[in-house]
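Take a look at the structure set out below.
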Amino acid sequence: MSEVSERYKRLSDAFAAKVAAVPDDQWGNQSPCEDWKARDVVAHMVQTQGMFLGFIGKELGDIPSAEEDPAGAWDAARAIVQRNLDDPATAKQEFDGLTGRSTFEDSVDKFLNSDLVMHGWDLARATGQDDSMEPEDVKRVHEYMAPMADMPGMRGPNAFGAEVDVPADADDQTKLLAFLGRRP
């Protein structure tokens, strides 16, 4: 396993634990993402895994529906991404993506791993779970996302929200959340 593959496994396992801990009656809870309920957060994560596989000519195939089986859908999607990350040739496969030329592995690390951190927080917040983030993940996500903040279309409904003001002495997690438009 590469460092990226190991990070994806750790983060996707953590997200899976949050998905598994959602009681059936909380899937309709509002998430911090304005238009999404808890179930929508998982559906987005499943869809995004498929989108990145598509960049390298792969697909999720026939997996459970996030609407009917959020945990089954997430586990199936992440297993497919993990299998492709664990294959050195596939991990290094290049494509022209959202931010230019990249490899599957690099794009997973920057985008999907960042999504796992942020949307893990969203799901935890929506369902009353522990929403703390690992400090190393907060730092890595902030470093990756900061240069993208001023790109056209990034401060909108499908990406970052408008930055939220927080005290200067706020902790790093609070600063990241505020930077991404979430109200900590």
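Rolling a 1.4 angstrom probe over the protein heavy atoms with all chains in place gives region 1-104 an accessible area of 51 Å² per residue.
Treating r as the C-beta distance of Met148 and Ala79 and R0 as 30 Å, the FRET efficiency rounds to 0.60. What you get for the chain, charging only the Cβ of Lys and Arg (+1) and of Asp and Glu (-1), is a dipole of about 200 debye around the Cα centre.
In this simple spin-label model, placing a label point 7 Å from the Cα along the Cα-to-Cβ direction at both Ala16 and Asp35 gives a separation of 3.0 nm. From its DSSP helices (H runs of at least four residues, each -39,500 (n - 2.57)), the chain gives a residue-normalised ellipticity at 222 nm of -16000 deg cm²/dmol.
With a Cα cut-off of under 20 Å and a minimum spacing of 8 residues unless on different chains, the lysine pairs in the chain number 12. Sorting the segments 112-121, 58-67 by their mean number of nearby beta carbons within 10 angstrom, highest to lowest, gives 112-121, 58-67. Computed over the chain, the P(r) curve from all C-alpha pair distances, binned at 5 Å from the origin, holds 1, 8, 17, 20, 21, 17, 10, 4, 1, 0 percent per bin. Measuring r between the beta carbons of Ala89 and Gln47 and using R0 = 30 Å, the FRET efficiency lands at 0.75. Sparsely packed loop sites in region 81-184 (the trypsin sites (Lys or Arg not before Pro) outside DSSP H, G, I, E and B with at most 14 other Cβ atoms within 10 Å) comprise Lys92.
The values are calculated or read from the model by the stated rules, or taken from the named source; none is laboratory data. Given the structure is predicted, the values throughout are model-derived calculations rather than measurements. Methodologically, a virtual Cβ is constructed for each residue, glycine included, from the backbone with ideal geometry; neighbour enumeration extends over all protein chains shown. The protein model used for the area step is the full one, side chains on, heavy atoms only, and it has no ligands, DNA or RNA in it. Shrake-Rupley method; radii C 1.70, N 1.55, O 1.52, S 1.80 Å.
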